[in-house]
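Reading through the structure tokens given below for one structure.
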Amino acid sequence: MATIEKTADSIRPPATSIGVIGWMRANLFNGWLNSILSLLVLYLLWSTVPAFVKWAFINSNWFTTSEQCKAGSGACWSIITANIRFILFGFYPHQLQWRPLLAVVILILLLFFSQNRKYWKISLAYVWLLGLFSMGLLLKGGLFGLEAVDSDNWGGLPLTLLLAVFGLTAAYPFGVVLALGRQSDMPVIKSFCVVYIELIRGVPLISMLFMSSVVFPLFLPEGVTFNKILRAQIAIILFTAAYIAEVVRGGLQGMNRGQYEAAESLGLNYFQTMRLIILPQALKIVIPPSMGILISAFKDTSLVVIIALYDLLKTTQTTLTDPKWMGFSAEAYLFVALIYFVCCYAMSNYSRRLEKELDTNL
């Protein structure tokens with residue numbers, strides 16, 4: 001036995017091939033080119049990270065005045081702490097800002113529970129309806145003793161999440177319908193979908209927002225108005241749906257003809273074939289590109305700033321126009337970037353987990 005243990009010890013891999021050292025040799029220094037690039041990256045990190053940490057954390061100011069910030073050498077996070085309520089809620093009445101905060105909490109809870117597939121039941125739809133009613137009631141007011149607040153005063157984080165979540169939620173099924181229409185054998189429907197998709201994909205989102213804000217009201221009868229937040233929401237839905245349609249169309253084209261023939265042999269009609277056989281497989285295939293489109297659309301909601309909607313980016317820019325806080329744009333934009341990063345990372349992480357649960361790689 002002792003001889004066997006001694007033999008086993010003698011054939012163990014060298015220490016330089018396992019553990020941290022082994023990983024570094026295999027991934028960072030496995031060739032002269034990778035070695036040079038790894039050293040350059042390490043030098044870059046060494047020259048920038050300590051300076052950033054010193055600026056952002058060690059010498060930073062968190063709860064000081066703008067004058068004290070200007071006298072210091074570190075980051076002025078006081079611009080965030082001093083203006084956090086305006087950045088997050090815009091011109092919503094100060095004493096009523098608990099209402100949009102509660103609405104955001106309800107939305108986050110709904111999204112959190114909806115990500116778990118075991119809750120994908122009909123009861124979840126009723127919970128969403130109740131949650132949406134509660135959010136609308138909290139933001140708008142006017143019932144149950146809640147003071148009414150005009151939608152022109154909505155802004156900040158609630159407006160950003162409102163445009164993003166409901167815009168993307170409505171755009172996806174609309175995009176699926178457009179993709180099915182483009183694959184249709186009916187010439188009128190196919191032509192309409194082709195023209196719509198190519199027309200929308202041929203213009204930037206900014207033009208769609210300008211049309212919804214400036215051009216569309218010109219076609220309304222005199223005295224008739226249309227909520228500009230709803231107009232921006234519709235523009236985002238129409239724009240995103242065109243890109244989703246092309247992604248889903250790629251998934252439909254990737255389906256084997258045998259799937260359609262199997263459905264025909266079972267006597268399924270077109271709608272049953274799509275609902276039970278084709279779409280479940282096609283939509284699983286296109287999860288990664290679909291999530292890429294949705295993440296891009298989420299970030300593009302910040303473009304509503306150009307039509308004077310006070311989303312999270314607009315309220316931050318307005319804060320920077322205050323003479324007291326001019327010169328601290330880096331800190332403000334880093335804060336906004338962090339919020340967008342957290343949201344986009346959560347979407348991306350959910351996409352990867354959903355792929356794994358549905359075995360899309362098999």
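The values are calculated or read from the model by the stated rules, or taken from the named source; none is laboratory data. Just so it is clear, the structure is predicted and the values come from calculations on it, not from any experiment. Here Cβ is always computed from backbone atoms with ideal geometry, including for glycine, and neighbour counts include all displayed protein chains.
One table, with the values for the structure above:
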| quantity | calculated |
| --- | --- |
| Some residue of the range 238-256 being within 15 Å of Ala179 (Cα to Cα) and polar (S, T, N, Q) | yes |
| Verdict on Gly142 being surrounded by 14 or more Cβ atoms within 10 Å (Cβ to Cβ) and small (Gly, Ala, Ser) | no |
| Residues satisfying the stated conditions in the range 63-100, i.e. of a type in the set (S, T, N, Q) and surrounded by 14 or more Cβ atoms within 10 Å (Cβ to Cβ) | Thr64, Ser66, Ser78, Asn83, Gln97 |
| Filter pass, Leu220 being assigned by TED's automatic domain parsing to the domain that holds Thr315, over 22 Å from Gln97 (Cβ atoms) and modelled with pLDDT of 90 or more | no |
| Enumeration of residues in the range 59-84 that are at pLDDT below 90, of a type outside the set (S, T, N, Q) and in a helix (DSSP H, G or I) | Glu67, Cys69, Lys70, Ala71 |
| In the range 125-170, the residues that are over 23 Å from Leu294 (Cβ atoms) and polar (S, T, N, Q) | Ser134, Ser151, Asn153 |
